[in-house]
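To keep things clear, I will list the structure first and then write my remarks on it.
The values are calculated or read from the model by the stated rules, or taken from the named source; none is laboratory data. Not measured: the values here are computed from a predicted model. We place every Cβ from the backbone using ideal geometry, glycine too, and count neighbours over all the protein chains shown.
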Amino acid sequence: MNTLHPRSDGAAPTRIAVVVGNPKPASRTLSAARHVACELAGEPDLVVDLATLGPGLLDPSSTDVGGLVGRVGAAELVVVASPTYKGAYTGLLKLFLDRFAGGTGLRGLAVPLMLGGSPAHALAPELTLRPVLTELGATVPGRGLFVLDSQYDDPAAYADWLAATRPIVSTHLNAGAPV
């Protein structure tokens, strides 16, 4: 059973989404998030690189941003990624996440992914991003993922985490299980 409802514009619903809160467009964070999505469930249907949204992100009446919020919220799997800034996720990502309704804004699985320059920030996805995603209604499969900036393009940096998390995600997505 599919847990998504068809979009009102007739397009297929979003199954896999990636949201990246790096202020630099086309960043290493974006590459890492796409890699995680592809490894967990295949090519994402929707990629939101927040750095490219411009002032619409600050405009609560922006229908473009509102549409993205709706599509991301209805996705079965969302990889939410950010670089680590001062031990937490970016303000850019916060601006976007603030648009989601508490408890029901994210209705599927959400993977918190953060990149950082030092292992000292390895708990940032668990301590800062995971609580926000669950507050918005998402189910987080397994632990959050932290990857060193210097290893973002090394598949080995993701291997153990993927081995632990992929079966959980696959079970939910393949069964169409409500999350």
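Which of the residues that make up the range 66-100 are part of a loop (DSSP other than H, G, I, E, B) and either closer than 22 Å to S118 by Cβ or modelled with pLDDT under 95 (or both)? Working first, answer last.
Of the range 66-100, the ones part of a loop (DSSP other than H, G, I, E, B) are 75-76, 84, 86-87, 89-90, 98-100.
Those that are part of a loop (DSSP other than H, G, I, E, B) and either closer than 22 Å to S118 by Cβ or modelled with pLDDT under 95 (or both): T84, K86, G87, Y89, T90.
Among the residues of the range 30-53 satisfying the criterion of being buried (at least 16 other Cβ atoms within 10 Å of the Cβ) and β-branched (V, I, T), which is nearest to S170 (Cα to Cα)?
Looking at residues that are buried (at least 16 other Cβ atoms within 10 Å of the Cβ) and β-branched (V, I, T), I get V36.
With L113, L106 as the choices, which residue is assigned to a loop (DSSP other than H, G, I, E, B) and either of a type in the set (A, V, I, L, M, F, W, C) or in contact (Cβ under 8 Å) with a residue 60 or more places away in the chain (or both)? First the steps, then the outcome.
On the way: L113 fails: assigned to a loop (DSSP other than H, G, I, E, B).
So the residue among L113, L106 that is assigned to a loop (DSSP other than H, G, I, E, B) and either of a type in the set (A, V, I, L, M, F, W, C) or in contact (Cβ under 8 Å) with a residue 60 or more places away in the chain (or both) is L106.
Please pick out the residue among G56, G102, G66, G108 that is surrounded by fewer than 16 Cβ atoms within 10 Å (Cβ to Cβ), closer than 29 Å to T171 by Cα and not acidic (D, E). Steps first, answer last, please.
Details: G56 fails: closer than 29 Å to T171 by Cα; G66 fails: closer than 29 Å to T171 by Cα; G108 fails: surrounded by fewer than 16 Cβ atoms within 10 Å (Cβ to Cβ).
Exactly one of G56, G102, G66, G108 is surrounded by fewer than 16 Cβ atoms within 10 Å (Cβ to Cβ), closer than 29 Å to T171 by Cα and not acidic (D, E), namely G102.
Looking at the range 128-170, which of its residues are surrounded by 15 or more Cβ atoms within 10 Å (Cβ to Cβ), in contact with a helix residue (DSSP H, G or I) (Cβ under 9 Å, 6 or more places away or on another chain) and either among the hydroxyl-bearing types (S, T, Y) or part of a strand (DSSP E or B) (or both)?
T139, L145, F146, V147, L148, Y152, Y158, T165
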